[in-house]
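The values are calculated or read from the model by the stated rules, or taken from the named source; none is laboratory data. Quick caveat, the model's predicted, so the values are computed rather than measured. For neighbour counting, all protein chains shown are included, and Cβ atoms are generated from backbone atoms with ideal geometry for every residue, glycine included. To get the accessible areas, we keep the full protein, side chains included, count just its heavy atoms, and leave off ligands, DNA and RNA. Shrake-Rupley method; radii C 1.70, N 1.55, O 1.52, S 1.80 Å.
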Amino acid sequence: MGKSCKVVVCGLAAVGKTAVLEQLLYANHVAGSEPMETLEDIYIGSIETDRGTREQVRFYDTRGLRDGMEFPRHYYSFADGFVLVYSIDSKESFKRMETLKKDIDRHRDKKEVTIVVLGNKLDKLEERRVDASMAQNWARTEKVRLWEVSVADRRTLIEPFVYLASKMTQPQSKSTFPLSRNKNKGSGSVDS
C-alpha cells in the first residue's frame, strides 16, 4: 500500500454524495431515508485495485452546492481525484456537475487528477431527466468515465471506485525522456 490518495466528492445538494460513500464503505445506507446536510466529512476506505493491491483512499465528502454557492477553491489544490455526482432525476444537478468539471480543469494547475462521474439514483428510472446517451457523450468529450449507479444496489458502486483507485495509483510509466548513455556518470555535465 502506497501513499493515501485524496478524493474530493462533490455535486449539487441532495444528489446522494454521502449516501454513495456510506453504502460503498459500510453498506449501511437505508433507501428512502431523509438526506442530511453535510458540511464536510472525511471517510477513509481501503480499495482493492485492478492490480490486486489495496490502496488507502481518503474521501472528502463536501457540502452540497446550492444556488449561488461557489465550490471552495482549496479542494482543487490537494486532490488526487474527484468524484462528481449528479442525480439522473435532476437536469440542474447535471449542469452543475458540468460546471464543476470546468472549474477543476481551470484550477488544478498542471496536476494530473483522475475524475469519475456518477449519475446517481438509477433506481428512479421513471423520474429520469438526464438522458443516459447524452451524459455518456458528454463524458467521452470531456475524457472522463461516467457510471450510472444506485445506492440501493451497492454492486453498482464497486466498479467506479476500483477504477478510480487503480487509475490514481498506477505505477509511473517509464520516462520517454532520452537519458544519456554516457559511462562517465560523474558530474552530470557533458563536455565536448
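Determine if segment 93-115 includes at least one residue that is touching a residue at least 60 places away in the same chain (Cβ under 8 Å) and acidic (Asp, Glu).
No: zero hits.
Quick one: count up the residues across segment 121-141 that are open to solvent by 50 Å² or more (accessible area, probe 1.4 Å) and either in contact with a Leu (Cβ under 6 Å, 6 or more places away or on another chain) or more than 19 Å from Ile158 (Cβ to Cβ) (or both).
Residues that pass the stated criteria total 13.
Take the residues in segment 15-62 that are assigned to a helix (DSSP H, G or I) and not polar (S, T, N, Q), then tell me which one is most open to solvent (accessible area, probe 1.4 Å).
Per the stated criteria, the residue is Tyr26.
Considering only residues that are farther than 21 Å from Arg145 by Cβ and either of a type in the set (Lys, Arg) or within 15 Å of the chain's Cα centre (by Cα) (or both), which ones fall in segment 72-90?
Answer for segment 72-90, where residues must be farther than 21 Å from Arg145 by Cβ and either of a type in the set (Lys, Arg) or within 15 Å of the chain's Cα centre (by Cα) (or both): Arg73, Ser77, Phe78.
Which one of Leu84, Leu21 is within 19 Å of Lys121 (Cβ to Cβ), in contact with a strand residue (DSSP E or B) (Cβ under 6 Å, 6 or more places away or on another chain) and free of Cβ contacts under 8 Å to residues at least 60 places away in the same chain?
Leu21
I need the full set of residues from segment 65-76 which are open to solvent by 30 Å² or more (accessible area, probe 1.4 Å) and either in contact with a Phe, Trp or Tyr (Cβ under 6 Å, 6 or more places away or on another chain) or in a helix (DSSP H, G or I) (or both), in order please. Full working, then the answer.
If we filter segment 65-76 for residues that are open to solvent by 30 Å² or more (accessible area, probe 1.4 Å), which is where we start, we get 66-70, 72-74.
Within segment 65-76, His74 is the sole residue that qualifies.
Conditions tested, residue by residue: (1) closer than 21 Å to Met168 by Cα; (2) touching a helix residue (DSSP H, G or I) at 6+ places or on another chain (Cβ under 8 Å); (3) at pLDDT 95 or above.
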site	(1), (2), (3)
Arg63	no, no, no
Val85	yes, yes, yes
Glu92	no, no, yes
Ile104	yes, yes, no
Glu112	yes, no, no
Gln136	no, no, yes
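With the condition kept exactly as written, say whether any residue in segment 50-59 is aromatic (Phe, Trp, Tyr), out of contact with any Gly (no Cβ under 8 Å at 6 or more places or on another chain) and over 25 Å from Leu125 (Cα atoms). Please lay out each step first, then the result.
Going residue by residue through segment 50-59, those that are aromatic (Phe, Trp, Tyr) are 59.
Imposing the further condition that a residue be out of contact with any Gly (no Cβ under 8 Å at 6 or more places or on another chain) reduces the set to none.
No, segment 50-59 contains no residue that is aromatic (Phe, Trp, Tyr), out of contact with any Gly (no Cβ under 8 Å at 6 or more places or on another chain) and over 25 Å from Leu125 (Cα atoms).
Suppose we filter segment 39-71 for residues that are over 18 Å from the mean Cα position of the chain (by Cα) and closer than 21 Å to Lys101 by Cβ; how many remain?
The qualifying residues number 5.
Given the conditions (1) modelled with pLDDT of 90 or more; (2) within 18 Å of Arg108 (Cα to Cα); (3) touching a helix residue (DSSP H, G or I) at 6+ places or on another chain (Cβ under 7 Å), and given that Ala79 satisfies all but one, which numbered condition is not satisfied?
(3)
Output the number of residues of segment 142-168 satisfying the condition of being touching a residue at least 40 places away in the same chain (Cβ under 8 Å), open to solvent by less than 30 Å² (accessible area, probe 1.4 Å) and either more than 14 Å from Gln23 (Cα to Cα) or of a type in the set (A, V, I, L, M) (or both).
Residues that pass the stated criteria total 7.
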